[in-house]
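**Q** Sharing a structure below in structure tokens format, with a few things to ask.
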């Protein structure tokens, strides 16, 4: 008892706790500011398009070329979603190697370049970048105190990423589930405790700035008749297969393009920018940005996005990712899934349309990222509806099986291997010892 009391009074332990809490506060504030800034940038792009939609043929290519240059020469390792970088950092043992993927410089670059991407009309999400930013902030602050190596390697990175998801979507439970299911893919008690605390702190800060809201509003989706359950396997199979195709195209395309970036980055960015503009023109601007408004329209049924919307959104998101600019997959995947659900609702008239849309979102998202629990929880929290928990979980599990028929490896882990292949884990570590392979469970918990 006396030793435990002395531990609570330890100056070093309190310094560790304070730095950890400050990091969580910072993640919440940055996430909220990022959400507001990205909305402003997308609104600015929309105002440019209102002057003339043909401006897209100039704005998108020019900005993507600028982003490709900045990503390659000014802020390396900021490209793409950011979740693969966090996963790769978790698997690296050398602190110097890990700092090439997680640092305050990378966090600043990721935030700035993603915002510029929204101005260019790229079809990207902000949640993946927020995971990268949150992990970078927490990991960087952890270097200012004596966290045990295991916390630096797992706890802080997981906590920062989960806090970012929770603050961006106002989905605290989904943030925790995401950290366990995607970032770690194993359950570790102390790291999860840190994740929970970071999620609470960051979520409270974001709520204070953004207010209490549900990301896609409130839906009354529910099953009324037994025949409505037919929508579960239909959406699960369709969303899973389409998500698997997307993942296969994304991973395969990036592996083929990566060797070409060194010599032809300008051409790749220019062509991708033109394709984004053309897809945006064909879809009447529906594919620009995160897709949040379009998904909300489909979910509430107040605007018909058309049969082709999910496929346009998928194509625009693929092209945006191929350009190697910063930007995530979460929001575009949810928007494409909502569009798919809207299309399926036309052939399932006996089921409530809102129900089919929710199932489409869960199924396609699961098909892309292979995280059924995260998909189920994040959608339920975003639409503030727990009545659909069993159909949503069933659709997610079906979608996971269907997706694995086409793409066996989770997309974020496949992309993480690309970073691990370019970063040596045996380089000099700046004088610090490498993290141990086995977890250190003796350190004090913040």
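Throughout, read-outs are computed from the coordinates displayed, never taken from laboratory work. Predicted, not measured: the structure shown is a model, and the values here were computed from it. All Cβ positions, even for glycine, are placed from backbone atoms using ideal geometry, and neighbour counts span all protein chains on display.
**Q** Measuring from a point 7 Å past the Cα of residue 418 along Cα-to-C-beta, which residues in region 289-333 have an amide N at less than 11 Å?
**A** From region 289-333, the list is 321-325.
**Q** Once the convex hull of the C-alpha atoms of region 40-164 is built, how many Å³ does it hold per residue, rounded to a whole number?
**A** Cα convex hull per residue, to the nearest whole number: 90 Å³.
**Q** On to the next question. To the nearest 0.05, how large is the calculated FRET efficiency for residue 307 and residue 93 if R₀ is 56 Å and r is the Cβ-Cβ distance?
**A** Computed FRET efficiency for residue 307 and residue 93: 0.70.
**Q** Hey, another quick one. So what is the relative contact order of region 291-397, in percent, for Cα pairs below 8 Å that sit 6 or more residues apart?
**A** 24 percent
**Q** Provide 59, 131, 358 in ascending order of the number of other Cβ atoms located within 10 Å of each residue's Cβ, fewest first.
**A** 59, 358, 131
**Q** May I ask you to order 254-265, 288-299 by the average number of other C-beta atoms within 10 Å around their residues, highest value first?
**A** Ranked from most to least packed, the peptides come out as 288-299, 254-265.
**Q** What percentages, rounded to whole numbers, describe P(r) for region 226-416 computed over all alpha carbon pairs with 10 Å bin width beginning at zero?
**A** Using 10 Å bins, I get a P(r) of 10, 38, 34, 14, 3, 0 for region 226-416.
**Q** Using label points projected 7 Å from each Cα along Cα→Cβ, tell me how many nm separate residue 53 and residue 409, to one decimal.
**A** The two pseudo-label positions are separated by 4.0 nm.
**Q** Please rank 267, 362, 369, fewest neighbouring Cβ atoms within 10 Å first, as an exposure proxy.
**A** Listing 267, 362, 369 from fewest to most nearby Cβ atoms yields 267, 369, 362.
**Q** Here's a follow-up. Along the three principal axes, how long is region 276-354 when you take its alpha carbons, biggest first, rounded to the nearest angstrom?
**A** Its Cα atoms span 43, 23, 18 Å along the three principal axes.
**Q** Based on the Cβ-Cβ distance of residue 258 and residue 300, what FRET efficiency does E = 1/(1 + (r/R0)^6) give at R0 = 25 Å, to the nearest 0.05?
**A** Between residue 258 and residue 300 the formula returns 0.05.
**Q** With a point put 7 Å past each Cα toward its Cβ, work out how far residue 389 is from residue 36 in nm, to one decimal.
**A** Inter-label distance under the simple model: 3.5 nm.
**Q** If each residue of separation counts as 0.36 nm, what is the full-extension length gain between residue 43 and residue 22 once their alpha-carbon separation is subtracted?
**A** 4.4 nm
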